[in-house]
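J.: Got a structure here, written out as C-alpha cells. Questions coming.
What follows is calculated from the coordinates using simple rules that are stated; it is not laboratory data. Fair warning: this is a prediction, and the values are worked out from it, not measured in the lab. Backbone-built Cβ (ideal geometry, glycine too); neighbour counts: all protein chains shown.
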Amino acid sequence: MKKFPFGKKQANGDDDANRSALFGRKGSPAPPSDNPYAQPKAANDPYMNDNNKYAHMTPYQQARANLSDRPAGGLPSRPSPQNGGGAPLSRNDSNYSSASAPPPYSSGQASGGYANDRYGAPSGYGASKYSGSNGYGSGSSARPGGYGGLGRTNSNDTDANRDALFSGARERYDQRETGEQSGAYGASGADSGNSKYGGYGEQRELTEEEKEEVEVDDIKRQIKEERLATKQTAKNILRMVDDANDTATGSLVRVGAQGERLNYTESLIDRGSMSSREAEEGTKKLKSLNRSMFAVHVSNPFTASKRTAEMEQKVLEQNRADRELRESTRKEGYMGNQRMEAAFREIEASQKKTVWQKQSAAERSKYTFEDTPSDNEDEEEIDEALGDISRGLSSLHTKAIVLGNEVDHQNKVIDRIGSKVSVNCTRSPTTDVAFKKQPAVDQPCTEAAKSQESANEVKPDSHKESVPRRLATSGDPLLLKSRKALPIWNYQNEIRAGLRGDNDVLLIVGETGSGKSTQVPQFLCDEPWCRKKKVRLHSDTVNVGGMIAITQPRRVAATTLATRVSREMGTPLGASREGSVGYSVRFDHKVPKGTKIKFLTEGMLLQELLRDPHLRQYSAIIVDEIHERSVDVDLIAGFLKQILSSDKAGRGGVPLKVVIMSATADVEKIQDFFKTPNPSSSVRLLRIKGRQYPVEVKHTTKPVPDIQEALLKQIFDVHLHEPLPGDILAFLTGQEEIEAAQRLIEEYSATLASDVPKLLACPLYGQLSIQAQQDAFQPAKKGFTRKVVLATNIAETSVTVPGVRYVIDCGKAKVKQFRSQLGMESLLAKAISKSSAIQRTGRAGREGPGKCYRLYTSETYDSLKDADLPEILRNDVLSAVLTMKARGINDILSFPLMDFPDIESVEKALIHLHFLGALADDGSITEIGKKLAVFPVSAPYGRVLLAASEPQYDCLLEVIDIIACITSGENIFYQLQSEEVREEAEEYRKELYRREGDILTYLTTMQRYTAENADRIEWCKKRKINIRNMKQALNIRKQLRGICLKEKMLTEAPPPDPQPFIPMSPERATSLLKCFMKGFGTKCALLAPDSSYVTIQGKHVVAIHPSSTLHGQKREAIMFLEHVFTQRSYVKKVSAIQADWIVEALQGH
C-alpha cells in the first residue's frame, strides 16, 4: 500500500502544516471572508439542505455528480498556492509529481481540506460532520474517544478500561431493547448521541497509521467513483457522436439526391429552352408565310439554293450547340455522382486513418494505489471509448467538409438554373404602359440657381419611384441587398432623367465605391431611347442602337466588371450563348447574342470607331475613369464630341447618349468641352457621395532609402500585428518589382510559425493574364490565411479588391515621358500626385475602418502635385495621330481635344508616319497607313509586319514571334543579381543567344519555347525566363496571326505547336534584320572613334543597355528598337547591322 506524506507530529506534540491542512485541528484560523465555501449557506444550496442528503459527499464527488456549477465529468478546482484560486485538476497535471498522490485539497492557509474552509466547522472530521468538539468523539476529555471501548481512556486503570468496554456493549443492548438510535454504533453515557464511534465504550484517538488508512480508503473510493463517472460520460459522448454521424450521413444522402434532382431539372430546362426556341422559329416562319391569305410567295431561283444551304447550316450549328449543352448537363450530373462516391470513400478512409494513442499502464496507474483487475478493465473501456470518440469526430469533420463543398456546388447549379430560367422566361418590359404610371420625372429636378453649374446639376429625388427602378432589381436576388446598399442606388431616377429629352450628355462625379461602374449601365439599359431602332440610310434599312458601351482603361477592369454585372442581372457571360452582358478586350471577346451592356477597353472602342465612325450599334457610350486622362480616352472624348455636334445623319437621326464618369474630375473643364451650340441640350451634372469608412494615415518619420525593403518589412509588420480579417493592398511601380516582392514574400512566409496566419501573395498588373487577375479578387481559399495584393496603379480607381483593410503606398509609379526634342522615351519611377495618394488611401476604407501606411514623409506628401499630367502632354503621339488620320481627320490641329499636345510633337509624329509610308506627301493617309491602324501594336512594328509579308523578305511568322516576345512585357529575361545564379542561368541561356543581337535572340527563345513539349515551366525556370510574359507572348502571337490571315497577309494557317526547332541561317537572319529596318531605319547608331555610339538622327551619344546580348561589344553599326533614359541614355533591344543598310533604308526620305 502506498503511503501519503500527510505529515508527522512535531516534538512539542503539534501537527505540522500539512497535517493541520488535512485534518483541520482545533487551532485552525478562522475561514477567510472571500472563501466561497466558508460563507453562510444559501437557501437554494443543494449541499446544505435540511436533511443533509449530500453531507457524506466531498466537493470532488459533488462536482462529479453535477451538484455544482462545474462541468460534469471534470475534477473540482483546486486553489493555487499563491491566490487560493486555481484551474481544474487534470489527469496529467504538471503540478503533480510522479512520486506523490493528488494534493490534500490544501490552500495557503493552515486550515483546509475537509475542515472549516469547506464546511465552515472548526475541525476536520469533527463537530461539523460528526458532532464532536474535539473532532473525533465526544466533547469531554474524560469520555471515550476515537473508536472507544478498546481500552483507551484518560485513565491507566485497567478495570476502568474494562468497565468502559462492557458499558459500551451494555448500552448498545439497552438501545436495541428500547429502539433508540444514538449514533452510528451507539453512544457512551449521556453524550452517546454526539459520538460517532460510541457504543463499544469510550472513544479513543486514532493512531497516525489508522488516520492514513482512513484517508487512503476515502481517496480510493473517490477515484473509483471518478473512474465510473468518466466511463459513463465517455459512453454518453460516444452515443452523441454516433447520432451526429448518422445525421450527417443522412444529410449527405439527401444532398446527393437533391443534386440529382437539380441536374434533372437543369436538363428539363435545357430541353424546354430548345423546344421554346424551335416553337419561336416556327412561329416566325408561319408569320412570314401568312402575312396575307392572298400573298403569292415566289422564290428567287438564283438565291434559293444559297438560302437553303444557309438554313441547313444554321440548323446544323444549332443542333450542335444543343447537343453540347445536353452533353454538358449530363456530364455535370455524372460528375456529381462521382463526387459523392469519392466523398464516402474519403469518409471511410478517414475513419481508418484515425489512430487513438492509448495510455500506457504506467500512466494509468500514476495516481492509483492498487492495480486491481476491475480498475484495469475500467481504464481499458475508457480508452476504447475515447478512441471511438476520436474516430467518430474525424468522420464527422470529413462529412462536414464534404457537405459544405457539395452545398456550395449545388448553389452554383441553382444560380446557373436561375440564369437559364431568366434568359428563357423573362418577358420584355411594357415600358409604354409603365411610363404612364410613373411621376413626371421629365420635369426639372432643380430650381433655377445662381450659377450655370447649379442649374445643370441633377439633385437627388429619392421620393420618386418608377417602373424602370423596379426593373433594375431584376436578376440575382442574392446580390440585390448589396446593390441596394450602394450610394448610387438612390439616384436611379435622377440618372435616367438626366438623359431624357434633348439631354444627351450626363456628367457623374462619384467617390470611389459609390457603384458607378456597375449600376449606371443597368439603370439605363431599359430606357425607351435604348431600344434598337430601324432607320433608312442611303436607301438601306439598318439597325441603330440597342446597346450600351462602357469603356475602361484596363483589361482587368472590363472583365471583372462584366462578370459582376452579369451575376447581378442573372445572365450568362459567354460568346456562344444568349445574354445581356458581354465584354471585349485584347485577346478575349465575349459578346453574347442579345447583349445590352458591353464592357470594353478604350483601345477596343477606338478600333470600332475605325470600322463604324458613327457607332451605330450603340445607344449610349459611358466613358468611365476619365480622370486618368490617357491618350485613348482623350481621343474618345474628341470623337464623341464630333458625333454629338453633327446633325446625326450618320445615325439616321437617332441621338447618341454620352455619360462621363469619374471619381475626381475637373467638372468645369469637362462641361465646357462637351457644351454644344444647341441651347436645349446641356451637360447635366450629378454628384454622388461615396461609401467611405475612416482610414488612419501613417507617414514615415524620415525618407526611405530602399522602398522595396521597407515595403516588405511593412507587409510583415502588418501581418504579424494586425488582426484578421483584413487583407493588404501594396502599391508598387511595375511588373518586375511585383514579381520580385512576390518571390520574397513566398520565401519568408514559409518560415512563419504554425500559429501565425499564412500569407498569400497575389500580383495584379495590366500585362497579367485574365485568370491570374481574377485570383487577386477571390478570397483566400484557406481559412487561416491573409491575402496581400501586389499591384500597380491599376488598383487605384479602375478596380476594387474586396477584403482590403490595409494599404501600403510606396508613393511612386512608373511614368512614360517622351522627349520630342531627343526622340527618346524615358520610363522612370516618379512621385505620384496628391490625387493618386488620396485614391490609394481610400482603398482601405471600402468595407470598414482601415489603415494606410505611406512610405514617405508628410513633408513629401505636401510637396506632391495636385494631379497627374495628361498622357497626351507627355507621351509620344505617333499612335494618336495615326488613329485620327485613319478616322478621317485631315486637319489634326482642328480636332477637339481637352488638352492639345505640343506642336513639335505632332510635327515629329507626322514626319515619322511619312517615313513609314503611312502618309502621303499631302498628309492624307495611305493604304499602308490604314493597315497599320488595324494592328494592335505601334506603327513601326506594324510596318515591319507589312514588310515581312512581302516576297523579298518572306519572314512573317518569324517577325510575329519576335514582336510577340518584345511586346509581352518589360523583359522576358529576369535580371539576376546573384553571381552564382547568373552563372547557372547563363549556361542554359547560351543556346538562345545569337551573335546578331537581341532580335534574333528573341526569335530563338520563342521558337525553342514553343518546341518544348515536356515541361515549359521547368524550361523557363532553368533559364530564368518570365513564364507569365511567355504565356502573354503566345496570346499576342495568336492574335497577330489571326489578323494577318484576315488581311490576306498569310495564305494559310500556320501549323500548330510544337514544331521542331530549326536555327535560322545567316542569310535569312540578314533578310529579317533588313525587314526590321523598314520600321526602325531612323533608330540606328554608328560606332565613334572613342568606342561610343552616336545616333544618326539627332547625333546623340548612347550606350548599349546591360540587358542586351551585345552589351560591351563593338560593332560598326547597330539598330535599336527602344531609346530610353534611366541613369544615362541607353538603347535597348539592339542588333548588329551593316552601315550600308542604313543608306538603303533611308533612300527616298
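J.: What is the Cα convex hull volume of the stretch 1081-1149 when expressed per residue in Å³?
T.: Value for the stretch 1081-1149: 84 Å³ per residue.
J.: Could you please state, rounded to a whole Å, how far the C-alpha centre of the stretch 1029-1100 is from the C-alpha centre of the stretch 372-415?
T.: Measuring centre to centre over Cα atoms gives 64 Å.
J.: OK, next. Would you mind checking which residues have amide H under 5 Å from Glu1122's amide H? H placed 1.01 Å from N; only 5 or more apart, or other chain.
T.: Residues meeting the criterion, in which the H sits 1.01 Å from N, are Lys1132.
J.: In whole angstrom, note down how far apart the Cα centers of the stretch 771-800 and the stretch 216-250 are.
T.: 49 Å
J.: Follow-up. At 0.36 nm per residue, minus the direct Cα-Cα distance, what do Arg326 and Thr247 gain on full extension? Give it in nm, one decimal, please.
T.: Net length gain for the segment: 25.0 nm.
J.: Here's another thing I want to ask about it. Which FRET efficiency value, to the nearest 0.05, is calculated for Leu480 and Ser267 with the Förster distance at 22 angstrom and r the Cβ-Cβ distance?
T.: That gives a FRET efficiency of 0.20.
J.: Give me the dipole magnitude in Debye, nearest 20, for the stretch 1081-1149 about the Cα centre, with unit charges on the beta carbon: positive for Lys and Arg, negative for Asp and Glu.
T.: Once rounded to the nearest 20, the dipole reads 240 debye.
J.: If the chain between Lys224 and Glu578 were fully stretched, how many nm would it gain, using 0.36 nm times the residue separation less the Cα-Cα distance?
T.: 120.0 nm
J.: Please report, in debye to the nearest 20, how large the charge dipole of the stretch 548-591 is about its Cα centre when each Lys and Arg carries +1 at its beta carbon and each Asp and Glu carries -1 there.
T.: About 180 debye.
J.: Compute the separation of the alpha-carbon centres of the stretch 920-955 and the stretch 474-507 and state it in Å as a whole number.
T.: Taking the Cα centre of the stretch 474-507 as reference, the centre of the stretch 920-955 is 45 Å away.
J.: May I pose another question? HN-Hα J couplings of the stretch 621-626 from phi, Karplus 6.51/-1.76/1.60, θ = phi - 60°, integer Hz, Gly and Pro as x?
T.: Once θ is set to phi - 60°, the couplings for the stretch 621-626 become 10, 9, 9, 9, 6, 5 Hz.
J.: When the label point is put 7 Å from the Cα of Glu987 along its Cα-to-beta-carbon vector, which residues of the stretch 1008-1028 have a backbone N closer than 13 Å?
T.: 1022-1023
J.: How far apart, in nm, are the 7 Å Cα→Cβ label points at Met240 and Glu381?
T.: Spacing of the two 7 Å Cα→Cβ label points: 2.0 nm.
J.: In nm, what is the difference between 0.36 nm times the number of residues separating Gln1147 and Thr676 and their Cα-Cα distance?
T.: Stretched out fully, the Gln1147 to Thr676 stretch lengthens by 164.8 nm.
J.: Over the stretch 695-873, one equal point on each Cα, no solvent: what is log10 I(q)/I(0) by the Debye formula at q = 0.11 Å⁻¹?
T.: -0.46
J.: Ser833 versus Leu403, label points 7 Å from Cα toward the beta carbon: distance in nm?
T.: 5.6 nm
J.: Okay, moving on. Can you give the net charge of the other residues whose Cβ lies under 10 Å from the Cβ of Ile707, counting K and R as +1 and D and E as -1?
T.: For residues surrounding Ile707, the net value is -2.
J.: Determine, for Asp727, Asp375, Asp706, the number of other Cβ atoms within 10 Å of each Cβ, and report the residues in order from fewest to most.
T.: Asp706, Asp375, Asp727
J.: If you rank Ser1092, Ser419 by fewest surrounding Cβ atoms within 10 Å, what's the result?
T.: Ranked by crowding around the Cβ, least crowded first: Ser1092, Ser419.
J.: Taking the beta-carbon count within 10 Å as an exposure proxy, list Arg1016, Arg611, Arg330 from fewest neighbours to most.
T.: In increasing order of surrounding Cβ atoms, one gets Arg611, Arg330, Arg1016.
J.: With the dipole of the stretch 1081-1149 worked out from charges on the C-beta (+1 for Lys and Arg, -1 for Asp and Glu) around the Cα centre, which of Val1101, Tyr1130, Cys1084 lies farthest toward the positive end?
T.: It is Tyr1130, whose Cα lies furthest towards the positive end.
J.: For the stretch 935-1059, just the Cα set please: Rg and Dmax, both in angstrom.
T.: When restricted to the Cα atoms of the stretch 935-1059, Rg and Dmax are 15.2, 49 Å.
J.: What would the Debye equation give as log₁₀ I(q)/I(0) for the stretch 462-677 at q = 0.16, 0.18 Å⁻¹, counting only Cα atoms as equal point scatterers?
T.: -1.13, -1.48
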